[in-house]
Each structure stands twice: as structure tokens, then as C-alpha cells.
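Sharing a structure here in C-alpha cells format.
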Amino acid sequence: METPEEHIERLRASTFSIGRERNPLAPMLDQAVKYLSAELYAKDVHFLMELIQNAEDNEYLEGVDPSLEFVLTSRDITNTGAPATLLVFNNEEGFSAENINSICAVGNSTKKGNRKRGYIGEK
């Protein structure tokens with residue numbers, strides 16, 4: 001069974017071609033996601049609201065007071081060429097492999113159809 005770190009590194013390589021030869025469909029997919037994002041989120045800061053909603057929807061261990069922290073660095077710690085990195089810390093129970101796969105796939109939310117269970121976001 002792969003560790004969480006191995007799972008993420010495999011997704012980075014297989015899905016996003018990070019550390020590999022660039023996928024020839026990447027520019028087209030990048031434009032499609034930008035277009036979809038622009039249609040879904042008219043305001044530039046809407047993604048912050050989504051992150052806050054995600055923290056609200058998360059599961060927490062018994063007796064844990066939920067917390068959420070945003071840290072903006074001036075370094076590219078992802079090695080993707082970004083001018084900065086936004087780190088998001090939340091003391092939730094933790095992501096499953098299914099959650100990670102969902103986050104990395106457009107329109108494949110594990111929350112979809114679960115609004116009755118109290119989930120806010122499903123994008």
C-alpha cells in the first residue's frame with residue numbers, strides 16, 4: 001500500500017506531468033479549467049470562500065476545535081515555477097486517497113450529492 005506522500009507524488013507525475021515530459025494536452029486543459037473557473041467564480045477571491053467551506057465540511061476528531069490558517073510564502077515550494085505559494089493548514093482528520101483524487105479532478109467532488117449530509121461545497 002502506498003503512503004500518502006507516494007500517492008500524491010504519483011498523481012503529480014501521472015496526472016499533471018510534474019517531473020516528466022509535459023503532456024501535449026496540458027495547454028488545452030489549462031485553458032478549459034481557466035474558462036470553467038471564470039464562469040464558476042466571478043470574483044478573484046471566491047476560491048478563498050471555497051477553502052473556508054471545505055474546512056467547514058471537513059471531519060474532525062472527537063474533542064478537536066477546528067482551525068484554519070492561510071500562509072502566503074514568497075517562495076515556490078512546489079517547484080512548478082510559481083512566484084509564491086499559498087499554504088492552507090487545517091486540523092481536520094485528514095485526507096483519504098479518494099479525497100486527494102477528487103481534489104485533483106475537475107467535477108469529481110466526493111461531496112457531490114451529499115448536501116443532505118451537511119456539506120456546503122461540491123465543486
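The values are calculated or read from the model by the stated rules, or taken from the named source; none is laboratory data. This structure is a prediction, so every number in the text was calculated from the model and none was measured. Please note: Cβ atoms are built from the backbone with ideal geometry, for glycine as well, and neighbour counts cover all protein chains shown. Protein only, heavy atoms only, side chains kept; ligands, DNA and RNA dropped before computing areas. Shrake-Rupley method; radii C 1.70, N 1.55, O 1.52, S 1.80 Å.
So how far apart, in nm, are the two label points at E98 and N79 if each is 7 Å from Cα heading toward Cβ?
Output for this residue pair reads 3.2 nm.
Can you tell me the FRET efficiency between R10 and D65 if r is taken as the Cβ-Cβ distance and R0 is 35 Å, rounded to the nearest 0.05?
My answer for the efficiency is 0.55.
Heavy atoms only, 1.4 Å probe, whole protein assembly: order F95, F47 by accessible area, highest first.
Result, largest first: F95, F47.
Just how large is the dipole of the range 1-73 about the Cα centre, in debye to the nearest 20, putting +1 at every Lys and Arg Cβ and -1 at every Asp and Glu Cβ?
600
Hey, another quick one. Would you grab the residues whose amide H sits under 5 Å from the one on N91? Only those 5+ places off in sequence or on another chain, please, with H modelled 1.01 Å from N.
S67
What distance in nm lies between label points placed 7 Å from Cα along the C-beta direction at Q31 and I52?
Reported label-point gap for Q31 and I52 is 3.5 nm.
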